[in-house]
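> Let me begin by handing over the structure; questions about it come next.
The values are calculated or read from the model by the stated rules, or taken from the named source; none is laboratory data. Keep in mind the model is a prediction, meaning the values are calculated, not measured. Don't worry about glycine lacking a Cβ; one is built from the backbone with ideal geometry, like all the others, and counts go over all protein chains shown. Heads up: the accessible areas ignore ligands, DNA and RNA and are worked out on the full protein's heavy atoms, side chains in. Shrake-Rupley method; radii C 1.70, N 1.55, O 1.52, S 1.80 Å.
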Amino acid sequence: MSDIACTPVPAAPPRTRDPADARRWLKARREELRARYLRRPDPQRCLAAHAAVVDSLLARLWGACVTDPAAALVAVGGYGRGTLFPHSDVDVLVLLPDGRAPDAGVEHFVGLLWDCGLEPGHSVRTVSECVEEAAKDVTVDTSLLEARVVAGDAGLAAALEARLAARRGVRDFFRAKVDEQRKRHDRFQEAAYNLEPNIKESPGGLRDLQTVLWVARAAGIGRSWAELAAAGVITEREAAGIAANERVLQDLRMRLHHLAGRREDRLVFDHQIEIARQLRLRAHPTLAASDLLMRRYYRAAKAIWRFNQILLAGVYARIVPASERKIRSLDGRFRLVDYTLDLRDESLFEREPGAILEAFRRLQDDRGIANLSATALRALSRALPRIDRAFREDPDNRRRFMDIVRGDRFTWTLRRMSRYGVLGRYIPAYGRIVGQMQHDLFHVYTVDEHILMVVRNLRRFRLPKFDLEHPFCSRLMQEFDAPEILYLAALFHDIAKGRGGDHSALGARDAERFCRAHGLARAEAKLVAWLVEHHLTMSATAQKQDLSDPEVISEFATLVRDERALTALFLLTVADIRGTSPKVWNAWKGKLLEDLFRSTRRILRGDTEYAAKSIEAKKAEALRILGHYIRDEGVHEPLWRHFGEAYFQRFEAGEIGWHTRTLCLRPSPARPVVRARLSPIGEGLQVMVYARDQPGVFARITGFFERHQFDIAAAKIYTTGHGFALDGFQVLSRARGGEHYRDLIRLVEEGLAGALDPATPLGAAPTGRVSRWVKHFPVEPKAEIVRTRDGRAWQVFVACADRPGLLSAIARAMLDRGLNLADARVTTLGARAEDVFVVTGAALEDEAGREAFAQELRRVAAQGL
């Protein structure tokens with residue numbers, strides 16, 4: 001059983017059995033420890049002091065309640081290690097001899113633990129029951145591995161330890177803990193680099209270090225980093241490095257508990273700024289103090305992940321005898337040892353640094369090799385400084401790197417090169433963005449993790465087994481002749497973030513130099529650089545401009561120049577958006593991008609009359625659809641006479657057919673017509689609104705959708721020649737996932753029709769809670785008003801943090817100024833809104849009126865933040 005470090009306790013616990021006295025004493029001791037820690041942070045000392053305080057209280061309560069001299073109170077789990085965080089659970093075991101039942105005092109003792117303000121995890125078992133439970137559940141076995149006597153019969157606890165050690169199969173325990181770690185990493189999506197990480201459970205968290213000590217302790221190798229160094233599993237320098245990074249995470253977790261006043265393991269936005277202030281971190285011109293804090297965390301997490309791999313491999317080598325290991329020579333430098341790539345000489349990487357890339361190439365090519373061995377990982381860690389300018393300029397190393405880029409399992413290999421520090425040394429610009437935060441309200445990963453996600457998405461497009469994820473992208477990527485162009489563009493597209501200036505332009509220069517140095521033809525290098533420079537252009541065009549306008553398509557076609565560049569930019573754009581956050585991508589964004597791609601490709605293939613042909617084709621297809629429902633020829637003509645060319649440009653053939661069969665028999669209804677159906681894009685609802693045009697229609701529609709928690713993904717606004725508004729919306733339900741689509745359609749059709757009744761009061765704009773992300777990392781609202789191309793209207797651009805009721809508030813601001821809405825393109829990127837409205841009205845005809853409206857929009861956008 002383990003022993004706690006000798007740590008003085010400020011005062012003895014009260015002798016009274018009154019839980020109120022004990023609660024006050026515990027609160028005072030915790031507050032003293034908190035104040036002491038903030039004055040002089042020492043995680044290990046403070047963790048031991050917290051455990052000692054609880055030990056003192058539990059020993060006093062045990063003595064006051066339990067009279068059985070044969071029983072023992074045993075600390076288990078983290079409390080058993082003697083390292084107790086301020087608000088962690090206090091896990092205890094009441095241990096009894098076999099055949100002995102607990103006396104009445106045990107129940108009273110457990111009740112007092114709760115009454116005193118502790119949060120105990122407790123169990124009452126005999127020695128045999130403990131052995132039986134440990135055999136069935138590795139979690140129980142692990143908690144008992146660190147058992148420590150707090151009060152009672154120490155001999156009983158020693159007997160339990162002996163029986164557990166005799167029964168425990170070290171290899172089985174090792175396999176179970178490694179499998180448990182793998183599942184935990186999968187549960188956190190292998191993304192230690194999301195912006196609010198769990199510093200205990202995420203990959204590279206404290207749990208990864210505990211896993212190593214558990215298996216080392218079970219194997220009898222050691223129970224601390226110093227003991228593992230003494231046993232030769234790691235060097236003293238490595239032990240010091242592990243302890244230093246462990247202290248970083250322990251310090252952060254300690255401060256989290258103090259700030260939250262409860263157990264808190266996620267480094268959430270609410271606490272990042274305050275902890276950065278406590279640590280007196282000073283902001284840089286391009287990095288906030290909280291960014292520096294998070295970079296400290298991310299780099300510690302990466303180091304811990306690397307040490308975890310080295311240590312687990314080292315412990316495995318100790319518990320499996322050499323005679324049982326499968327060793328196969330590969331050549332004079334490498335060998336295969338139990339599915340890991342090992343070095344025949346530990347100094348290989350330092351003598352021949354180029355062998356580092358060769359090792360990763362071997363990992364990439366041979367699926368039978370799971371990873372580098374402990375020896376190779378340690379050698380790699382020592383040799384990282386040898387990846388210097390001379391290494392990067394060596395033609396052989398450049399060839400090896402490009403072989404990796406062009407090989408199979410590129411994403412898998414690149415991620416390991418990144419985690420082991422190789423990628424950041426080989427591409428210094430990448431090394432500078434490791435652990436860099438992004439506060440744009442839609443990226444949920446650090447810059448380096450986002451880059452790896454984009455490369456992964458492109459790679460998945462290349463593999464047939466992922467065809468169903470995005471069939472069109474998969475077909476294009478599998479036909480693309482040089483996928484390395486896209487991989488390199490993804491690698492460099494955000495690499496210049498945080499430098500100041502235009503990261504796209506700066507990254508393009510880096511990319512072109514890198515590609516030329518690595519043997520790409522001039523034209524290919526230029527294409528990679530162009531993709532980096534314009535990686536945001538296609539998304540902005542698709543989501544913010546009118547794709548029914550032939551001039552928009554023509555200008556975009558002029559920019560991309562040829563079909564190969566168009567295909568590459570489309571694939572990079574889709575991969576980029578999908579790599580920002582699991583919630584940013586939706587089917588509507590995919591449709592917009594695909595529409596832009598197809599329209600541009602037609603122009604690049606020489607179809608200059610595609611716009612006129614498209615309108616005629618839409619009409620023909622709409623009539624074909626109408627014929628399935630109404631066979632009377634010419635029934636559509638009275639309705640279509642009120643529709644101008646802009647209507648047929650803006651709406652799809654399927655929408656036109658749907659509108660026509662719904663409205664052709666009543667082109668001028670007295671009451672608003674609202675129809676909804678499952679969206680043809682495969683996500684959400686498509687909604688049609690047809691009502692006599694009047695002020696406030698858009699405000700009523702947006703208010704209805706926001707009150708019922710629908711997000712408007714897109715809006716098409718059209719006014720007919722006879723004064724009716726014919727509007728189309730793509731809406732996504734935010735909180736109605738469990739409702740049947742027919743119920744949602746009924747809600748929209750009946751509820752929205754009622755909301756459009758002029759006799760119904762407009763009501764106040766909906767409100768709701770602003771996300772924590774927006775609250776802690778606000779975006780300055782922007783509003784810009786410019787003439788449309790034809791000079792007949794005004795384009796209003798609004799970019800700001802999204803919030804409940806935002807769209808409705810903007811619509812009301814337009815209504816207040818007597819503006820008529822002609823079109824709207826609504827874009828939501830995570831927690832960021834970027835909307836475009838086309839409006840007309842006398843209020844914008846002079847500069848003062850435009851500036852006043854822009855100021856009003858900025859005020860509206862900032863409300864509630």
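Residues are listed down the side, and each one gets a yes or a no for (1) assigned to a helix (DSSP H, G or I); (2) within 20 Å of E264 (Cα to Cα); (3) without any contact (Cβ under 8 Å) to a residue 12 or more places away in the chain; (4) under 35 Å from the mean Cα position of the chain (by Cα):
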{"residue": "Y37", "(1), (2), (3), (4)": "yes, yes, no, yes"}
{"residue": "Q44", "(1), (2), (3), (4)": "yes, yes, no, yes"}
{"residue": "V54", "(1), (2), (3), (4)": "yes, yes, no, no"}
{"residue": "G105", "(1), (2), (3), (4)": "yes, no, no, no"}
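> Let me ask another. Has segment 321-340 got any residue that is in contact with a strand residue (DSSP E or B) (Cβ under 7 Å, 6 or more places away or on another chain), within 25 Å of G519 (Cα to Cα) and either β-branched (V, I, T) or not in a loop (DSSP other than H, G, I, E, B) (or both)?
No, the conditions are met nowhere in segment 321-340.
> Take the residues in segment 211-259 that are of a type in the set (S, T, N, Q) and crowded, with 19+ Cβ neighbours inside 10 Å; name whichever of them is farthest from V140 (Cα to Cα). Don't jump to the end; show me each part of the working.
Going through segment 211-259, the residues of a type in the set (S, T, N, Q) turn out to be 211, 224, 235, 245, 250.
Filter again for crowded, with 19+ Cβ neighbours inside 10 Å, leaving 211, 245, 250.
Numbers: T211: 14, N245: 28, Q250: 24 Å.
Residue satisfying both the conditions and the ranking: N245.
> I've got another one for you. Consider F797 carefully, then state whether it is assigned to a strand (DSSP E or B), among the hydrophobic types (A, V, I, L, M, F, W, C) and open to solvent by 40 Å² or more (accessible area, probe 1.4 Å).
Yes, satisfied.
> Which of the residues belonging to segment 616-653 are buried (at least 16 other Cβ atoms within 10 Å of the Cβ), more than 17 Å from M688 (Cβ to Cβ) and touching a Phe, Trp or Tyr at 6+ places or on another chain (Cβ under 9 Å)?
Passing the criteria: only K619.
> Among the residues of segment 642-649, is any at pLDDT 90 or above and part of a loop (DSSP other than H, G, I, E, B)?
The answer is yes; a qualifying residue exists.
Residue by residue, here is whether (1) modelled with pLDDT of 90 or more; (2) among the β-branched types (V, I, T) holds:
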residue: I275; (1), (2): yes, yes
residue: A313; (1), (2): no, no
residue: Y316; (1), (2): no, no
residue: I327; (1), (2): no, yes
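> May I ask you to list the residues in segment 609-641 that are part of a loop (DSSP other than H, G, I, E, B) and within 23 Å of G682 (Cβ to Cβ)? Lay out the reasoning, then the answer.
From segment 609-641, those part of a loop (DSSP other than H, G, I, E, B) are 609, 628-636, 641; that's our starting set.
Once the filter is applied, which keeps residues that are part of a loop (DSSP other than H, G, I, E, B) and within 23 Å of G682 (Cβ to Cβ), segment 609-641 yields H628, Y629.
> Among what's in segment 447-464 and is of a type in the set (D, E, K, R) and within 16 Å of P483 (Cβ to Cβ), pick the residue that is least open to solvent (accessible area, probe 1.4 Å). Step through it out loud before you land on a result.
If we filter segment 447-464 for residues that are of a type in the set (D, E, K, R), which is where we start, we get 448-449, 456, 459-460, 462.
Those left that are additionally within 16 Å of P483 (Cβ to Cβ): 456, 459-460, 462.
Details: R456: 81, R459: 32, R460: 60, R462: 63 Å².
Across segment 447-464, the extreme among qualifying residues is R459.
> Also, quick follow-up: Checking M688 against (1) under 42 Å from the mean Cα position of the chain (by Cα); (2) buried (at least 19 other Cβ atoms within 10 Å of the Cβ); (3) without any contact (Cβ under 8 Å) to a residue 60 or more places away in the chain; (4) not in a strand (DSSP E or B), only one condition comes out false. Which one?
(4)
> Can I ask one more? Can you pull out every residue in segment 543-588 that is out of contact with any Lys or Arg (no Cβ under 6 Å at 6 or more places or on another chain), hydrophobic (A, V, I, L, M, F, W, C) and open to solvent by 20 Å² or more (accessible area, probe 1.4 Å)?
L547, L559, A587, W588 - these are the residues of segment 543-588 that are out of contact with any Lys or Arg (no Cβ under 6 Å at 6 or more places or on another chain), hydrophobic (A, V, I, L, M, F, W, C) and open to solvent by 20 Å² or more (accessible area, probe 1.4 Å).
> Please specify each residue of segment 383-401 satisfying the condition of being part of a helix (DSSP H, G or I) and either surrounded by fewer than 16 Cβ atoms within 10 Å (Cβ to Cβ) or on the phi > 0 side of the Ramachandran plot (or both). Steps first, answer last, please.
Looking only at segment 383-401, we keep the residues that are part of a helix (DSSP H, G or I), and these are 383-386, 389-393, 395-401.
P385, R389, A390, E393, P395, D396, R399 - these are the residues of segment 383-401 that are part of a helix (DSSP H, G or I) and either surrounded by fewer than 16 Cβ atoms within 10 Å (Cβ to Cβ) or on the phi > 0 side of the Ramachandran plot (or both).
> Counting only residues that are among the aliphatic types (A, V, I, L, M) and touching a His at 6+ places or on another chain (Cβ under 9 Å), which one in segment 21-52 is surrounded by the fewest Cβ atoms within 10 Å (Cβ to Cβ)?
Among residues in segment 21-52 that are among the aliphatic types (A, V, I, L, M) and touching a His at 6+ places or on another chain (Cβ under 9 Å), the one surrounded by the fewest Cβ atoms within 10 Å (Cβ to Cβ) is L38.
> Would you please name the residue that is modelled with the lowest pLDDT, looking only at residues in segment 576-589 that are in a helix (DSSP H, G or I) and under 20 Å from the mean Cα position of the chain (by Cα)? Spell out the reasoning first.
First, pick out the residues of segment 576-589 that are in a helix (DSSP H, G or I): 576-578, 587-589.
Now narrow it down to the ones that are under 20 Å from the mean Cα position of the chain (by Cα): 576-578, 587, 589.
Numbers: D576: 94, I577: 92, R578: 91, A587: 82, K589: 87.
For segment 576-589, the residue satisfying everything is A587.
> A further question follows. Mind checking which residues of segment 258-282 are in contact (Cβ under 8 Å) with a residue 60 or more places away in the chain and assigned to a helix (DSSP H, G or I)?
Within segment 258-282, the subset in contact (Cβ under 8 Å) with a residue 60 or more places away in the chain is 258, 260-270, 272-273, 278.
Hits for segment 258-282 are H258, A260, F269, D270, Q272, I273, Q278.
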